[in-house]
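Novice: What follows is a single structure, and I will ask about it in a moment.
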Amino acid sequence: MGVGSGTDALHLALRACGVRPGDRVITAPNTAVPTICAIAQAGALPVFVDVEPGTLNLDPEKLAAYLAAQPAPFRARAIVPVHLYGHPAAMREILAIAAAYDVRVIEDAAQAHGAEYDGRRIGGMADASCWSFYPTKNLGADGDAGMVVTNDLQIAERVRMLRNYGEEAKYENRVEGVNSRLDEIQAAALRVKLRHLDEWVAARRRLAARYDALLAEAPVLQPVEVKPARHCYHLYVIRSPRRDALRQHLQKRDIGTSVHYPTPVHRQAAYRHLEYAEGDLPCAEWACRQVLSLPLYPELTEAELAHVASAVREFRD
Ligand SMILES: Cc1ncc(COP(=O)(O)O)c(C=O)c1O
């Protein structure tokens, strides 16, 4: 079901999966803020579980421990694993835990176009998968666009209603909905660009492997790829305890970088009311201090990449 944005996709998928105002929804604290905006729009309460140090995705052990510690009425209604940077979260473990506690799973696949898990494309494993086609994504429209993908016909029908003012049939409104259409122009652009997604992801993977080789001796942590996940490298994210100085060093050489993301959501002013303190989610907090996204896009040339890698290697404190 095409919708207006990735945020809308998550919001409507959560509601279609039965999330009601006041329900708890678990996600990772180092995600993009829109994951949390969507949970809040559904009227639910975001609950953060820390991430694992390698992939920086939701840690299944901590997820299981959290759910085991909650009395049934306060248990979460849904989990939103985020495939951060294009590396799929540990879906086998997360789906098994969710089944044990009868909790829904809605994937935030906004960064994972073309990623695979267990030999299958991301997008068909959970109750629903939510996509953003914001222009910077691996598959980007010319403006905002999003999509909910599900194998469950009831969820599909509910998303269709919710995105169209809650209409079950023309002028028959069964639920309170919203207006969230996938714009026709965006859909047309995406149909053309979709044909190129595989070649673009292949280029991203080839360039990421080249960075891996050139940065093997550099004083930074490189991104990991943990089986059975196949990374689609929406972002190539290294880690350094001297991240800000390294960033400045690269900036002086006209190399643009980004930080995804400098502040974990539980430490953002907007989410103070959730009452998390510094140190509550140490791995995510540590990651946010160290992560740095290097230039990576299918058209990046080998020479440009080598220039970036040598500038990273040259960096000394
Ligand atoms: C992980 C993640 N979730 C959700 C979104 C929201 O998507 P959109 O900007 O299309 O609303 C984004 C992108 O911005 C994202 O990176």
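The values are calculated or read from the model by the stated rules, or taken from the named source; none is laboratory data. It should be emphasised that the depicted structure is a prediction, and the values quoted were computed from it without experimental measurement. With ideal geometry, Cβ positions are generated from the backbone for all residues, glycine too; neighbour counts draw on all protein chains shown.
Novice: Could you please give the count of residues in region 95-111 that are within 16 Å of the ligand (Cβ to nearest atom) and in contact with a Pro (Cβ under 9 Å, 6 or more places away or on another chain)?
Specialist: Narrowing region 95-111 to residues within 16 Å of the ligand (Cβ to nearest atom): 105-111.
From the residues that got through so far, the ones that are in contact with a Pro (Cβ under 9 Å, 6 or more places away or on another chain) too are 105-110.
Within region 95-111, residues that are within 16 Å of the ligand (Cβ to nearest atom) and in contact with a Pro (Cβ under 9 Å, 6 or more places away or on another chain) number 6.
Novice: State yes or no: is A64 farther than 26 Å from H113 by Cβ and either surrounded by 17 or more Cβ atoms within 10 Å (Cβ to Cβ) or more than 16 Å from the ligand (Cβ to nearest atom) (or both)? Explain how you work it out, then say what you get.
Specialist: Numbers: farther than 26 Å from H113 by Cβ: yes; either surrounded by 17 or more Cβ atoms within 10 Å (Cβ to Cβ) or more than 16 Å from the ligand (Cβ to nearest atom) (or both): yes.
Taking the combined requirement at face value, the residue satisfies it.
Novice: Any residue at all in region 75-88 that is at pLDDT below 95 and either within 16 Å of the ligand (Cβ to nearest atom) or not acidic (D, E) (or both)? Walk me through how you get there before you give the answer.
Specialist: So the first thing to find is which residues in region 75-88 are at pLDDT below 95, and the list is 75.
Okay, now just the ones that are also either within 16 Å of the ligand (Cβ to nearest atom) or not acidic (D, E) (or both), so 75.
Scanning region 75-88 turns up at least one residue that is at pLDDT below 95 and either within 16 Å of the ligand (Cβ to nearest atom) or not acidic (D, E) (or both).
Novice: Any idea which residue in region 153-190 is surrounded by the most Cβ atoms within 10 Å (Cβ to Cβ), counting only those that are under 22 Å from the mean Cα position of the chain (by Cα) and among the charged types (D, E, K, R)?
Specialist: Quick first cut of region 153-190, residues under 22 Å from the mean Cα position of the chain (by Cα) only: 155-156, 159, 163, 180-182, 186-187, 190.
Next, only the ones that are among the charged types (D, E, K, R) stay: 163, 181.
Details: R163: 26, R181: 15.
The residue in question is R163.
Novice: Okay, moving on. Considering only residues that are touching a strand residue (DSSP E or B) at 6+ places or on another chain (Cβ under 9 Å) and among the aliphatic types (A, V, I, L, M), which ones fall in region 52-88?
Specialist: Of everything in region 52-88, those that are touching a strand residue (DSSP E or B) at 6+ places or on another chain (Cβ under 9 Å) and among the aliphatic types (A, V, I, L, M) turn out to be L56, L58, L63, L67, A76, A78, I79, V80, V82, L84.
Novice: Does any residue of region 278-299 turn out to be farther than 29 Å from A28 by Cβ and either at pLDDT 95 or above or assigned to a loop (DSSP other than H, G, I, E, B) (or both)?
Specialist: Within region 278-299, the subset farther than 29 Å from A28 by Cβ is 299.
Restricting the remaining residues to those that are either at pLDDT 95 or above or assigned to a loop (DSSP other than H, G, I, E, B) (or both) gives 299.
Within region 278-299 (the criterion being farther than 29 Å from A28 by Cβ and either at pLDDT 95 or above or assigned to a loop (DSSP other than H, G, I, E, B) (or both)), the answer is yes, since at least one residue qualifies.
Novice: While we're on this one: Determine the pairs where a residue that is modelled with pLDDT of 95 or more, located within region 27-42, has a partner that is polar (S, T, N, Q) and more than 8 Å from the ligand (Cβ to nearest atom) with Cβ atoms under 8 Å apart, the partner being 6 or more residues away or on another chain.
Specialist: Every condition considered, the pairs that remain are A28/N57; V33/Q268; T35/T27; I36/T27; I39/T27.
Novice: Checking the conditions here, which among G124, G114 is more than 16 Å from the ligand (Cβ to nearest atom), among the small types (G, A, S) and part of a loop (DSSP other than H, G, I, E, B)? Step through it out loud before you land on a result.
Specialist: Details: G114 fails: more than 16 Å from the ligand (Cβ to nearest atom).
Exactly one of G124, G114 is more than 16 Å from the ligand (Cβ to nearest atom), among the small types (G, A, S) and part of a loop (DSSP other than H, G, I, E, B), namely G124.
Novice: Looking at G166, is it at positive phi and either among the small types (G, A, S) or in contact with a Cys (Cβ under 6 Å, 6 or more places away or on another chain) (or both)?
Specialist: So G166 fits the description; yes.
Novice: Considering only residues that are under 19 Å from P135 (Cβ atoms), touching a Phe, Trp or Tyr at 6+ places or on another chain (Cβ under 8 Å) and not in a strand (DSSP E or B), which ones fall in region 178-237?
Specialist: Restricting attention to region 178-237, the residues satisfying the condition of being under 19 Å from P135 (Cβ atoms) are 180-197, 199-201, 203-204, 232-236.
From what is left, the residues that are touching a Phe, Trp or Tyr at 6+ places or on another chain (Cβ under 8 Å) are 186, 190, 201, 204, 233-236.
Once the filter is applied, which keeps residues that are under 19 Å from P135 (Cβ atoms), touching a Phe, Trp or Tyr at 6+ places or on another chain (Cβ under 8 Å) and not in a strand (DSSP E or B), region 178-237 yields Q186, L190, V201, R204, Y233, H234, L235.
Novice: May I pose another question? Scan region 191-214 for residues that are exposed (fewer than 15 other Cβ atoms within 10 Å of the Cβ) and in contact (Cβ under 8 Å) with a residue 24 or more places away in the chain and jot them down.
Specialist: Correct list: L194, D198, E199.
Novice: Additional query: What pairs can you find where one residue is in region 278-304 and buried (at least 19 other Cβ atoms within 10 Å of the Cβ), the other is assigned to a helix (DSSP H, G or I) and among the β-branched types (V, I, T), and their Cβ atoms are less than 8 Å apart, with a gap of 6+ or different chains?
Specialist: Filtered contacts from region 278-304: L294/V308; L294/V312.
Novice: What are the residues in region 127-140 that are more than 9 Å from the ligand (Cβ to nearest atom) and touching a residue at least 12 places away in the same chain (Cβ under 8 Å), if any?
Specialist: Within region 127-140, the first condition is being more than 9 Å from the ligand (Cβ to nearest atom), and the residues that meet it are 127-129, 135, 138-140.
Within region 127-140, D127, A128, S129, N138, L139, G140 qualify.
Novice: Considering each of V220, V148 in turn, give the residue that is under 18 Å from the mean Cα position of the chain (by Cα), crowded, with 17+ Cβ neighbours inside 10 Å and at pLDDT 95 or above. Show your work before the answer.
Specialist: Working: V220 fails: under 18 Å from the mean Cα position of the chain (by Cα).
The unique qualifying residue is V148.
Novice: Find the residue count for region 233-288, including only residues that are of a type in the set (S, T, N, Q) and under 17 Å from the mean Cα position of the chain (by Cα). Don't jump to the end; show me each part of the working.
Specialist: Narrowing region 233-288 to residues of a type in the set (S, T, N, Q): 240, 248, 251, 257-258, 263, 268.
Filter once more, so that each one left must be under 17 Å from the mean Cα position of the chain (by Cα): 258, 263.
Counting residues in region 233-288 that are of a type in the set (S, T, N, Q) and under 17 Å from the mean Cα position of the chain (by Cα) gives 2.
Novice: Counting only residues that are crowded, with 20+ Cβ neighbours inside 10 Å and of a type outside the set (F, W, Y), how many does region 223-239 have? Step through it out loud before you land on a result.
Specialist: We begin by selecting, within region 223-239, every residue crowded, with 20+ Cβ neighbours inside 10 Å; these are 223, 229-238.
Of the ones still in play, those that are also of a type outside the set (F, W, Y) are 223, 229-232, 234-235, 237-238.
Count: 9.
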